[in-house]
Amino acid sequence: MSSDFYSRRRVLQGGAAAMALSATAGAQVKTLRVGFVGVGGRGTGLLRQMLRMDNVTIPAIADINERNLARAQKLVADAKLPQPEGYSRGERDFERLCERDDLDLVLNATPWHWHTPISVAAMKAGKHAATEVPAAITMEQCWELVETSEKTGKHCMMLENDCYYQETLMVLNMLRDGLLGEPLFAEGGYMHDLRSVKFGATKAGPVGNAEPWRLEHTLKRNGNLYPTHPIGPISWWLDINRGDRYTTLVSMSSRGGAMREYAEREFGKDDSRAKAEYRQGDVNTSILRTARGKLVHLYFDTNTPRVKEHITRIQGSRGVYSHMMGKMFVDGVSARGDEGSWRARHEWEDLKPYKERYQHKIWRERGTAAASSGHGGGDYMLIYRLVKRLQAGLAPDMDVYDAAAWSAIFPLSEKSVAARSMPVEFPDFTRGRWESRAPINPDEIE
Amino acid sequence: MPTMQRSLNLKRSAVLAAALDAVTAGQRGLAAQQSAGSQPMTRPLRFGFVGTGDRGSAHLDILLGMDSVEVPAICDINDSYLHRARRWVMEAGKPEPKLYGKHETDWMRLLERDDLDVIVCATGWKWHAPVCVAAMEAGKHATTEVPAALTEDECWAMVDASEKHGRHCMMLEQANYSEGLLQILNMARAGVFGELLHCAGGYVHDLRLVKFDPEREPWRLQYSIDQNCNLYPTHPIGPIAWVLDINRGDQFDYLVSMSSKARCLNDYARLHYGPDNVYATMNMKQGDVNVSMIRTKRERTISLHFDTNTPHPQTGEFRVQGTKGHFAGNLQSVYIDERSPNPHAWEPVANYREQYQHEIYKTIDRERLGKTGRGHGAGLTTALLWHRYLKAMRAGVEPDQDVYDAASWSAIIPLSARSVAMGGRPVDFPDFTRGRWQSRERLRLG
């Protein structure tokens, strides 16, 4: 049905599918040489973390904005590293950067539509790729990443910082320990009022954190446009691509109205932004099902006035963790008022004692170093693990199959929304290997 | 439709048909004599009870405490319940009720009486629709515990019977009378949340103990064996339907539903009754966690959770979201754009209580209605439900919840079963109002 297109394409390209990426795709690297593409707010933040790592150099940086470029070059020089060469001759100048022969990794933090082209160019030029989220915004791009990675033997890691949150890894430990039983259901969302970020302005004038490409997608598309923050941790917990995989998705969007209301209020009734047609429904919800019968409920909402929420919850056969409440309930352990009555009041337990007991090894060891970095320390851990793994000649924690499967929710949800919430099948980017691949292990190689 | 589902439906239709045949013949005349509840009622209102277990006894206890109520007849197959009910009626100083309880369909004899105005049905689920339809056919108004119906046929049979015989049918959804909900309803109607976009709710209640307690609700477990759907949608959807003016300005359009795998009931039986217990290995159809999404004609969306199998505290999840603001029930907090004191930060919903407390709650005798009574759930919201019902009956107007509400809220059960069975495909809601949802006035709760 809905997967016809993709499965047919698979058959046609059977030849390219032959090679699988092994976990040890490269030789050990003593000093990791990293080229940066895109050093705006996010790219610069990641560069700062990169500069804290041992045995890393930054030979080259590309950005079409020369002020950003100069700022980044100075950051590197201030860290007592050789001044990186700058690339700013237009939007495709990253291609020249990729052609250099002194880079091991190209990391890009550009607008969404550049993530795949840059990652592909890097791998084709023999470099590993690391990309901001989402790694891809169409199904074609998802496959292009997978095929390029398999063909070139180069890795592609999507920089999903949420996977490295202290609590993400704590829950991973709990699941491995059996504390929550078998995971059955998870819920998460990207729920963040980005109206001023999308318009790049309020009535008071321009804002500093403008991301105009987001507005473009809000105008033209309708689905879950930003799934990776919630789906990253959930995928680790559910062993996606490593024992299980997403098979089906249904998605539904509400009407859109909040963007126009906002534009009218901030810029006036006659402003073109107040009259524009925004295709993106204000609240999108999706349900995903896995081959092993697990369920995921996802929210996407960046148009409405709201508090930023992290509703992440995982329900196992023995217990539940709720990030939003900061609580746990474990069957047979946590208290139940009125024990033995069907009105039994299960009582949420505070996370605290569990946090200590299930603290992840890398947080135990490097929590202090991480604490000062962005996204709750996730940014430091993310870069730390990326560098460590590549230096050891190993695949990064998140590989190209994760990048593809998590990013695919964007185009798949769009397709389901357009088809009145018809179920859409996930392609199996691993081509059957999800059943035998080893579970994620973010404390390997320490 | 899968075979199992079809055969279940057929079985139910057969029961329904038999019930109808048995009661319709001599009863039509009586029905025609009585008006459609459009006449003010001055004499005592006469209730016939079918089912006086946990929940039925709560309704009985509440009604016995209200003015101008009589209970001439009671039916229950459980002798001790039946005689308890008789005792309560007599202790309240009312005439001795006639008792029915010879067999499962003895309520048919009860319906033949000519001294009953209203039937209260609080039986096992499968009897709700048959009892209500037969009651209306016999010229009585029907009220029933939730869910009112289990199949689409039953939903239509109730609508048809109500329209044909001019009798109303009210599902006793007490969740619609909580003070918190009515405040949110007021706020929504006053436009505080802007244009409404999305609502969410759930029935997340660990009922493993109940399902395995044959003394309690022996019918509950069987549904988990036979069905896979959102089996208990009315507690969350009732309040949401009021907020979104469903059947009165908007209408459910379609639904998608998915369930996780099932294992928790097997686990529970194994743990408590041993590996040889029949339920330790029995194939349970009901997935442990079910998620459904509904879209309305006016393009608002609803997410529903259903989970009575996993270890989990009750969450009180209830969300109302619009273009200007947002209510989160589990936090008892709201955020209103340009009105909440801090940008993008919750404030207690209690801050809005003074301004938006519902008129109903300003005028009721809280002490009297709020008294905890006997039976399951005999508290303020159920008492208020009956208070409102008696008021409507005495004024000769329709009760707050009518047969269209009973049908459309209950229809989620069979519709979600169909969607789950078809891998999450969208399923259209029947329009029980036959187009009148567009012109029917918003519910008045003054």
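Computed from the coordinates by the stated procedures, all read-outs in this text should not be read as laboratory data. In this text, all values refer to a predicted model and were calculated from it rather than measured experimentally. Positions of Cβ are generated from backbone atoms using ideal geometry, with glycine treated the same way; all protein chains shown enter the neighbour counts.
With unit charges on the beta carbon (Lys/Arg positive, Asp/Glu negative), name the residue among A:ALA404, A:GLN83, A:GLY208 whose Cα is farthest towards the positive pole of the charge dipole of chain A. Of the candidates, A:GLY208 comes out farthest on the positive side.
Where the centre of each part is set by its Cα atoms, how far does the stretch A:140-180 sit from the stretch A:304-337, in angstrom? Centre-to-centre (Cα) distance: 23 Å. Farthest towards the positive end of the charge dipole of chain B, among the residues B:HIS376, B:ILE246, B:GLN227, is the Cα of B:ILE246, using unit charges on the Cβ of Lys, Arg, Asp and Glu. Cut-off 10 angstrom, C-alpha nodes, Gaussian network model of chain A. Which of A:ARG214, A:ARG289, A:ARG336 fluctuates the most? Greatest mean-square fluctuation among the candidates belongs to A:ARG336.
Under the convention that each Lys and Arg Cβ holds +1 and each Asp and Glu Cβ holds -1, the size of the dipole of the stretch B:140-220 around its Cα centre is about 160 debye. Charges were assigned to the Cβ only: +1 to each Lys and Arg, -1 to each Asp and Glu. The resulting dipole of the stretch B:279-387 about its Cα centre is roughly 360 debye. With contributions of -39500 (n - 2.57) from each DSSP H run of at least four residues, the per-residue ellipticity at 222 nm computed over chain A stands at -10500 deg cm²/dmol. Within chain B, the whole DSSP H helices whose Cα atoms reach 24 Å or more along their own axis and whose mean Kyte-Doolittle score is at least -0.5 are B:3-33.
Could you list, in their original order, any pairs among B:LYS285/B:LYS371; B:LYS126/B:LYS164; A:LYS355/A:LYS415 whose Cα atoms are separated by more than 29 Å? Over 29 Å apart, Cα to Cα: B:LYS285/B:LYS371; A:LYS355/A:LYS415. Cross-link reach is defined here as a Cα-Cα straight distance under 22 Å, omitting same-chain residues fewer than 8 places apart; for B:LYS324 the lysines meeting it are A:LYS198, A:LYS203, A:LYS269, A:LYS275, A:LYS308, B:LYS297. Build a GNM of chain B with springs between Cα atoms under 10 Å apart, and of B:GLU137, B:GLU154, B:GLU217 the one that fluctuates most is B:GLU217. Each of A:GLN28 and B:ARG46 was given a label point 7 Å from its Cα along the Cα-to-Cβ line. The distance between the two points is 9.4 nm.
If you build a Gaussian network model of chain B, linking Cα atoms that sit under 10 Å apart, which residue out of B:CYS264, B:CYS121, B:CYS229 swings the most? Top of the fluctuation ranking is B:CYS264. Annotation for B:GLU367 and B:GLN222: the two label points, set 7 Å from Cα along the Cα-Cβ direction, are 4.7 nm apart.
The ranking of A:SER322, B:SER259 from fewest to most other beta carbons within 10 Å of each one's beta carbon is A:SER322, B:SER259. Summarise the partner chain shielding of A:305-315 as one whole number: the mean count of Cβ atoms from other chains within 10 Å of each residue's Cβ. Whole-number average of other-chain Cβ neighbours for A:305-315 is 6. What FRET efficiency, computed as 1/(1 + (r/R0)^6) with R0 = 51 Å and r the Cβ-Cβ distance, is obtained for A:ASP93 and A:VAL333, rounded to the nearest 0.05? So, using R0 = 51 Å, E works out to roughly 0.35. Candidate cross-link partners of B:LYS94 among the aspartates and glutamates, defined by an alpha-carbon separation under 12 Å and a same-chain spacing of 8 or more, comprise B:ASP67, B:GLU70. Which of rounded, prolate, oblate describes chain A, given a ≥ b ≥ c as roots of the alpha-carbon gyration tensor eigenvalues and a/c under 1.5 marking rounded, otherwise prolate only if a/b is larger than b/c? Here chain A falls in the rounded category. Put a dot 7 Å past the Cα of A:ARG100, heading toward its Cβ, do the same for A:GLU365, and the two dots end up 3.0 nm apart.
Computed about its Cα centre, the charge dipole of the protein assembly as shown is approximately 580 debye, with only Lys, Arg, Asp and Glu carrying charge at their Cβ.
When a/c reaches 1.5 or more, the comparison of a/b and b/c decides; with that in mind, is chain B rounded, prolate or oblate per its Cα gyration tensor?
Cα axes put chain B in the rounded bin.
The Cα atoms of the stretch B:328-428 give a gyration tensor whose axes a ≥ b ≥ c have a/c of 1.5 or more with a/b no greater than b/c, which makes the shape oblate.
In chain B, the DSSP-assigned H stretches of four residues or longer account for a calculated mean residue ellipticity at 222 nm of -11500 deg cm²/dmol, using -39500 (n - 2.57) per stretch and the full residue count as denominator. Ordering A:GLU266, B:GLU354 from the fewest to the most neighbouring beta carbons within 10 Å gives B:GLU354, A:GLU266. For the cross-link pairs B:LYS211/B:LYS391; A:LYS30/A:LYS74; A:LYS352/B:LYS362; A:LYS327/B:LYS362, which exceed 30 Å when the distance is taken from alpha carbon to alpha carbon? In this structure, B:LYS211/B:LYS391; A:LYS352/B:LYS362; A:LYS327/B:LYS362 exceed 30 Å between Cα atoms. Loop-located trypsin sites (Lys or Arg not before Pro) in the stretch A:127-212 (DSSP state other than H, G, I, E, B) with a sparse environment of at most 10 neighbouring Cβ atoms within 10 Å: A:LYS203.
If I take R0 = 30 Å and measure r between the Cβ atoms of A:LYS352 and A:ASP54 in this structure, what FRET efficiency does the formula 1/(1 + (r/R0)^6) give, to the nearest 0.05?
My answer for the efficiency is 0.35.
Take every pair of alpha-carbon atoms less than 8 Å apart whose residues are at least six positions apart; their mean separation over the length of chain B yields a relative contact order of 21 percent. Measuring between their Cα centroids, the stretch B:374-430 and the stretch A:396-442 lie 39 Å from each other.
If you take the Cα centroid of the stretch B:33-104 and the Cα centroid of the stretch A:190-222, the two points sit 61 Å apart.
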